[in-house]
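Below is one structure, written out as structure tokens; the observations come after it.
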Amino acid sequence: MNAEIIAVGTEMLLGEIVNTNAQYVAKLLARYGVPSYYQTVVGDNSQRLTETIQLAETRSDIIFLMGGLGPTLDDLTKQTLAEHLGLDLKTDAKAVAKLKAWQQQTQKKMPANNLAQAYYIDHGEVLSNQVGLAVGSFLSWENHHYFILPGPPRELIPMVDQAVEPRLAQLVGVQQVFASKMLRFFGIGESFIADQLQDLIAQQQNPTIATYIKDYEIGVRVTARASSKLTAAAILAPMVQEIKKRLADYYVGEGENRRLSDEVVDLLKARQLTVTAAESLTAGLFQATLASVAGASDVFPGGFVTYANQVKSELLGIAPEVIEQNGVVSAEIAQKMAQFAALKLKTNFGLGFTGVAGPDELEGQPVGTVFIALADQQQIIAVQEYHFSGQRNEIRNRAVEAGLKMLYDHLNNN
């Protein structure tokens with residue numbers, strides 16, 4: 001039994017997005033020993049998609065179709081496959097209820113074509129979407145097996161992990177149970193992780209190790225197989241602990257869909273501590289990232305965006321001569337921003353962000369130079385100089401993650 005991967009979307013052909021979904025599914029197939037000899041990207045065109053499916057059916061038993069499940073006119077995957085197989089489309093009642101709940105929450109009129117996201121192919125099995133609105137599905141028909149999955153990775157990945165993997169195991173006759181953990185690391189490159197885990201990767205059999213590039217983090221998935229969940233978990237645990245030990249300085253938690261901000265908010269809540277920030281180059285991005293986590297209001301009362309030097313003086317009380325003497329892009333200013341913010345809002349911690357996001361250098365400092373400080377109301381806890389690469393907003397995002405990591409490390413070590 002072999003498999004083939006078809007990604008649907010003109011945006012991939014135009015180079016507007018990268019087809020990371022194929023990599024994720026290919027690694028899943030490799031874990032189960034399923035050969036996959038072909039990967040195809042096809043645009044949003046029903047005729048060309050039909051031709052691609054027909055070709056895939058001549059050489060593959062399992063066919064993954066990813067993308068084209070949305071509500072717009074160019075989202076044609078389910079419709080095209082159904083027509084090709086001579087099957088009807090049905091509507092999933094749970095998906096419709098979810099769409100109506102979304103409409104009520106957003107107080108927006110729902111166009112009729114939105115209901116297309118609730119369609120699945122007759123005789124198929126609905127795969128619920130835990131993140132978005134478009135359902136996926138699984139269909140076995142005339143000696144072929146089709147997985148029809150959403151295009152956005154944040155929707156596809158949970159669906160693959162929760163719904164696709166068990167069905168794939170059944171298809172290939174794997175009787176074993178799998179246990180898996182995603183370990184997340186920040187401030188380290190994928191190549192460095194591969195070097196540090198080289199011996200473990202070279203010798204891997206059970207459990208297996210795979211690395212993934214996530215948003216400003218690196219993920220390491222460890223997967224074990226056994227005859228029972230308990231045994232699989234027991235096989236998994238020593239490898240997880242060994243990887244954590246080797247990469248302890250960069251570890252930021254477990255979980256496929258968690259972020260460093262989730263970890264920080266949870267730690268602060270558990271210890272009943274609060275944090276604020278004074279931001280220059282990040283212009284409130286750190287605070288917005290914190291506030292994106294449910295329950296952040298328990299630990300984050302508010303903060304400061306002090307983009308201009310005058311505002312640093314007026315809102316935080318930093319003397320103009322101190323800024324002039326040290327330069328705005330300096331450890332000294334980051335420290336004062338952090339501590340004065342904590343004092344002003346009477347929080348347990350304050351973070352200060354100052355630096356050069358670009359596109360031009362500032363005060364002779366090259367683009368990517370960033371100073372981040374962590375303080376409480378009495379003292380400076382840490383200050384760090386960074387030199388980030390990338391475009392303007394990449395630098396800003398990396399600064400936010402570095403600030404979160406600084407606070408995360410302090411909370412874990414104290």
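The values are calculated or read from the model by the stated rules, or taken from the named source; none is laboratory data. Please read these numbers as outputs of a predicted model, since none were measured by experiment. Reconstructed Cβ throughout: ideal geometry from the backbone, glycine too, with neighbour counts over all protein chains shown. Note: accessible area is taken over every heavy atom of the protein model, side chains too, but ligands, DNA and RNA are not part of it. Shrake-Rupley method; radii C 1.70, N 1.55, O 1.52, S 1.80 Å.
So here's what we get for this one:
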| quantity | calculated |
| --- | --- |
| Degrees between helix 392-413 axis and first principal axis of the chain (Cα, 0 to 90, nearest 10) | 80 |
| Rg to Rh, two decimals, where region 288-414 supplies the alpha carbon set and Rh follows Kirkwood | 0.95 |
| Kirkwood Rh, angstrom, region 163-309 [1 / mean 1/r, Cα pairs] | 17.7 |
| Difference of contour (0.36 nm per residue) and Cα-Cα distance, N393 to E361 | 10.0 nm |
| Extension gain, K27 back to A248 (0.36 nm per residue minus Cα-Cα distance, nm) | 77.0 nm |
| Carbon + sulfur, % of accessible area of the chain - ligands and nucleic acids excluded, 1.4 Å | 49 |
| Mean separation of Cα contacts under 8 Å (6+ apart) over length of the chain, as relative contact order % | 9 |
| Too-long pairs where the Cα-Cα distance tops 26 Å, listed order kept, from K109/K214; K78/K100; K27/K98; K344/K405; K90/K214 | K109/K214; K27/K98; K90/K214 |
| Nearest-ten-degree value, helix 229-246 long axis tilted from longest Cα axis of the chain | 40 |
| Dipole magnitude of the chain, debye to nearest 20 (Cβ charges: Lys/Arg +1, Asp/Glu -1, about Cα centre) | 1100 |
| Two-site FRET efficiency, Q310 against T40, from Cβ-Cβ distance with R₀ of 56 Å, rounded to 0.05 | 0.50 |
| Two-site label geometry, Q325 and A194: point separation in nm, points 7 Å out along Cα→Cβ | 5.0 |
| Against the rule of thumb 2.2 N^0.38 Å, how large the Cα Rg of the chain comes out | 1.15 |
| Cα Rg, Dmax, region 317-362, angstrom units | 11.7, 36 |
| Positive-end extreme of charge dipole, the chain - chosen from I333, G253, A194 (charges on Cβ) | G253 |
| Viscosity 1.306 mPa s, 10 °C: Kirkwood-radius Stokes-Einstein D of region 94-220 over Cα pairs, µm²/s | 90 |
| For region 50-191, accessible area per residue (1.4 Å probe, heavy atoms of protein chains only), Å² | 48 |
| Kirkwood Rh and Cα Rg combined as Rg/Rh, region 57-113 | 1.08 |
| Cβ-defined net charge surrounding P366, 13 Å radius [Lys, Arg +1; Asp, Glu -1] | -4 |
| Residue-count net charge about I323 - beta-carbon cut-off 13 Å; Lys, Arg +1, Asp, Glu -1 | -3 |
